[in-house]
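The next block holds one structure in the form of structure tokens; read it before the comments.
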Amino acid sequence: MPTRLTTIFDMQHLLWALSTDPTTFSVVGKVAYNILLVIIGINALIIVHEFGHFAVARACGVRCDKFYIWFDFWGLRFFKFQWGQTEYGLGVFPLGGYVKMLGQEDNPSELKGKGIGSTNEPANEPQDFPPNPNEAVAQSASEADAANTNLAIIPPDSFLAKSVPQRMAIIVAGVVMNFLFAIVCGTAAYLVGVKDVAPMVGNLIPGSPAWQADLHVGDKITAIDGTPIRWFNDIQNAMIGGENGVKLSIDRPGVGNIEKTVIPRKRKNDLAPSMGVSPLQTLDMGSEKNPVQDWAKRFYSKKTLDSLKKSNLRLMEADGKPVDSYAGFSRLQLQNIDRPLPCVFASKDTPNDKIDVEIPAVPMREIGVRFGMGPITMVRSDSDAAKQGIEIGDVIQSVDGSTEVDPMKLTQLILRRQNEGKKSIEIVVKKKDGTVKTATVGLSTETIIPHFAALSMKDPIGSTALGLAWDTLPIVAGVEKDSPAATLNIPIGAKVESVKFMNGIELYRTTFCSTDKDGFTFHSIGDKINLPYILELLLQGAPQKPKKSDAEKKSDDSFEPIAVVRLELSGPDGAAKKPFDIPVFDSKDWFNTDRGLGFTAEMATVKIENFGEALSLGTGKMVEYSLSVFKFLKRLGGEVSPRALGGPVTIVRVAYMFVDKGFGSYLLFLCLIGANLAVINILPIPVLDGGHLLFLAYEGIFRKPPNENVLIILSYLGLALLLFVMIWAFSLDLGFVKRL
């Protein structure tokens with residue numbers, strides 16, 4: 001269950017862990033090693049780029065005064081040393097690096113008087129006296145002759161003294177080195193072996209494009225629009241630019257190769273388009289220290305938790321039946337949704353050593369308030385509901401004769417009917433034209449977990465059994481009679497204006513969330529965030545702020561869930577907003593489809609033995625990553641939100657994630673960043689390498705440099721653009737600007 005929880009660590013806990021658990025030393029060592037690799041990798045990108053400029057400049061006879069990794073603004077540096085004519089050093093500001101060549105000036109304020117046709121030398125050069133009459137003739141020559149005279153006194157080892165092709169070669173060398181570096185890293189990655197999440201469908205969000213296109217759990221996506229994919233992340237990357245639909249090549253178990261067309265969707269507040277699938281899980285347990293996620297631990301017995309704290313465990317049986325896939329286990333979980341599930345685990349190291357445990361049913365946490373049923377947002381084309389004439393925009397009025405339809409519990413009502421052996425169910429819908437239609441809908445037996453919004457804060461709820469997805473209205477439609485909310489006189493028809501987790505910690509930093517001394521609040525309900533995301537997903541695992549007495553506790557087993565939710569309601573008759581503090585309780589008829597077991601994702605490893613094939617794949621990845629930049633920039637502001645941009649902090653964070661996956665993934669990340677930086681640097685923006693190339697191309701075509709005033713204006717504009725992008729990216733990284 002993808003719940004984001006915040007954990008508080010302090011130095012006392014770290015020291016305690018180091019003193020009581022020797023394996024903690026290895027964990028700390030691994031973290032330190034990963035951080036070191038991140039630092040080395042990112043700085044390697046800088047070094048190879050600047051070395052490209054440096055090497056070609058020296059080959060062309062240009063004097064390089066400085067070669068710096070990071071910037072030494074105001075002379076601030078960690079160290080420097082002189083070798084030959086060049087000063088090498090490490091600056092204090094980790095924003096890149098630079099090579100300072102004689103005669104080159106990137107600062108717009110220093111361009112005047114330092115362009116082609118002028119000299120970097122002092123104006124008061126020694127003059128012949130008395131004046132040479134031949135010199136007077138030269139002074140009255142044409143502008144071209146004057147320019148040639150000026151060029152003659154530029155130092156021969158200056159950047160400005162070199163021909164246009166030489167200067168272009170020097171400028172483009174950094175980008176070329178980044179492309180070569182990306183190819184080397186990509187090739188090495190495939191030779192070492194890259195292990196990442198497999199491109200297999202683990203679940204589908206009801207109402208999503210993938211759900212509508214009839215993808216199945218266990219489908220392996222092998223190619224998108226004819227381009228082979230190898231990992232799950234490739235799926236999301238392929239969604240950008242697919243507004244007209246993308247063609248998926250799928251290997252379906254028991255069927256073979258098929259093709260499906262999916263039209264990616266970008267809902268409000270999504271940073272980029274998606275198709276609505278999550279990765280496939282295995283039956284292997286991921287962590288022997290924390291085999292069960294924190295939000296579910298309180299339902300497990302100590303005996304079961306201790307039994308699961310063994311290495312390399314794999315689920316073998318559930319409910320007395322052998323299981324060979326996570327989809328099979330999910331089916332058994334759904335069939336036993338409201339009761340404990342006996343399971344048998346075994347260590348892959350000692351498969352004959354069986355561990356019998358009872359996995360408890362995990363009740364959903366709720367507040368006892370029923371909200372309004374929204375319109376149907378999607379009808380699966382192959383469903384019986386579609387055949388019965390149910391359409392998008394219809395509103396479900398009753399199910400099996402009950403008019404008190406809870407949109408958030410309806411999926412489990414359908415599930416219970418399936419578990420009782422029913423093959424169909426009667427539903428009544430109100431059509432868009434106001435008429436009422438009754439239909440007996442056959443129930444699909446396809447196994448897709450009928451869970452809540454997990455990928456987007458605006459996803460609907462849906463049932464694959466029905467083939468329908470629907471919205472939940474932020475309107476109070478009823479209150480459960482025996483719940484704590486029944487005593488609060490909550491007005492029926494009132495609109496939910498905000499939801500506060502009382503005493504809750506910050507879960508997200510968005511424009512529609514806020515934190516104060518009383519807790520964490522969601523605003524813009526129904527507009528920017530839907531109630532199911534808050535009450536079906538986040539409420540299940542959101543922790544309270546730790547009490548003072550909890551400060552000395554040494555583990556997350558002491559986690560206390562939110563106890564009270566405050567609904568701020570505006571009356572149906574226009575009455576003023578009023579808060580209602582509603583106690584949270586464990587439901588008796590609504591159960592979590594996920595019991596919190598920490599299974600790992602299905603992984604795929606690609607390792608190439610043949611160097612030529614690895615080189616081909618590495619080069620292909622470089623090209624793919626390079627083109628993705630143009631695709632991203634083309635869709636920026638449209639399909640892709642500007643809030644999806646990331647700065648240095650994001651790059652370091654993502655780099656660490658790749659390092660943690662293995663050395664091959666780390667190398668592929670360097671291929672990605674190397675190609676991306678090369679493309680960005682070659683963009684025709686003044687101050688960047690691409691801007692310099694543009695000016696040199698002008699000079700080569702027209703046989704004269706650009707007008708200095710125009711050059712200065714364009715340089716300032718380019719600098720302002722880069723500063724704006726940097727400030728924007730840093731603001732997103734540091735949370736000054738909310739991503740949502």
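May I ask you to work out the translational diffusion coefficient for region 418-537 at 4 °C, viscosity 1.567 mPa s, via Stokes-Einstein with Rh from the Kirkwood sum over Cα pairs, reported in whole µm²/s? Kindly include the intermediate steps, with their values, before the conclusion.
Values: Rh = 17.2 Å.
Translational diffusion coefficient: 75 µm²/s.
How big is the convex hull of the Cα atoms of region 566-721, per residue, in Å³? Intermediate values should be presented prior to the final figure.
Values: hull volume 42.9 nm³, N = 156.
About 275 Å³ per residue, rounded to a whole number.
Toward the positive end of the charge dipole of region 165-256, about the Cα centre and with charges on Cβ (Lys, Arg +1; Asp, Glu -1), which of Ala213, Phe179, Met200 goes farthest?
It is Phe179, whose Cα lies furthest towards the positive end.
Counting only Cα, what are the radius of gyration and maximum Cα-Cα distance Dmax of region 486-540, in Å?
11.9, 34
If the viscosity is 0.890 mPa s and the temperature 25 °C, what translational diffusion coefficient in µm²/s does Stokes-Einstein give for region 672-715 when Rh comes from Kirkwood over Cα pairs? The partial results should precede the final answer.
Numbers: Rh = 11.1 Å.
Answer from the Stokes-Einstein relation: 221 µm²/s.
Would you mind checking which residues have amide H under 5 Å from Ile359's amide H? H placed 1.01 Å from N; only 5 or more apart, or other chain.
Amide H neighbours of Ile359: Leu341, Cys343.
If the cut-off is 16 Å between C-alpha atoms, which lysines fall inside it for Lys495, apart from same-chain ones fewer than 8 positions away?
Filter leaves Lys528, Lys577, Lys578.
If you project the alpha carbons of region 327-416 onto their three principal axes, what span does each projection cover, largest first, in Å?
55, 35, 20
Based on the Kirkwood radius over alpha-carbon pairs, what is the Stokes-Einstein translational diffusion coefficient of region 226-312 at 25 °C with 0.890 mPa s viscosity, in µm²/s?
Values: Rh = 16.6 Å.
Here the translational diffusion coefficient equals 148 µm²/s.
If one computes P(r) from the Cα atoms of region 184-286, what percent of pairs lie at distances over 18 Å? Can you show the working numbers first?
Numbers: 2571 of 5253 pairs.
Cα-Cα pairs of region 184-286 separated by over 18 Å account for 49 percent.
With every protein chain present, what is the per residue accessible area of region 184-293 (1.4 Å probe, Å²)? Please list the in-between numbers first.
Details: 4180 Å² over 110 residues.
Value for region 184-293: 38 Å² per residue.
Once you charge only the Cβ atoms, +1 for Lys and Arg and -1 for Asp and Glu, what is the size of the charge dipole of region 181-301 about its Cα centre, to the nearest 20 debye? Could the numbers behind the result be given before it?
Values: 13 positive and 12 negative charges, 62 e Å.
Around 300 debye, computed over region 181-301.
Given all pairs of different Cα atoms, what value in angstroms does the Kirkwood hydrodynamic radius of region 245-403 take?
Numbers: mean 1/r = 0.0500 Å⁻¹.
That comes to 20.0 Å for region 245-403.
Under 22 Å Cα-Cα from Lys100, which lysines qualify once same-chain neighbours fewer than 8 residues away are excluded?
Lys66, Lys80, Lys112, Lys114, Lys162
Need one number: the % of Cα-Cα pairs in region 266-340 sitting beyond the 19 Å mark.
Numbers: 1466 of 2775 pairs.
It works out to 53 percent of all Cα pairs.
So for region 291-421, taking the charge dipole from beta-carbon charges (+1 Lys/Arg, -1 Asp/Glu), which of Ile367, Gly320, Leu332 sits furthest toward the positive end?
The Cα lying farthest towards the positive end belongs to Gly320.
Send over the Kirkwood Rh of region 457-506, from the inverse of the averaged 1/r over different Cα pairs, rounded to one decimal Å.
13.8
Cross-chain or 8 or more residues apart, Cα under 18 Å: how many lysine pairs in region 292-420 fit that? Count them up, please.
Here the count comes out as 9.
The values are calculated or read from the model by the stated rules, or taken from the named source; none is laboratory data. Since the structure is predicted, the reported quantities are computational estimates derived from the model, not experimental observations. In this analysis, Cβ positions are derived from the backbone assuming ideal geometry, glycine residues included, and neighbour counts consider all displayed protein chains. All accessible areas refer to the heavy atoms of the entire protein, side chains included, with ligands and DNA or RNA removed. Shrake-Rupley method; radii C 1.70, N 1.55, O 1.52, S 1.80 Å.
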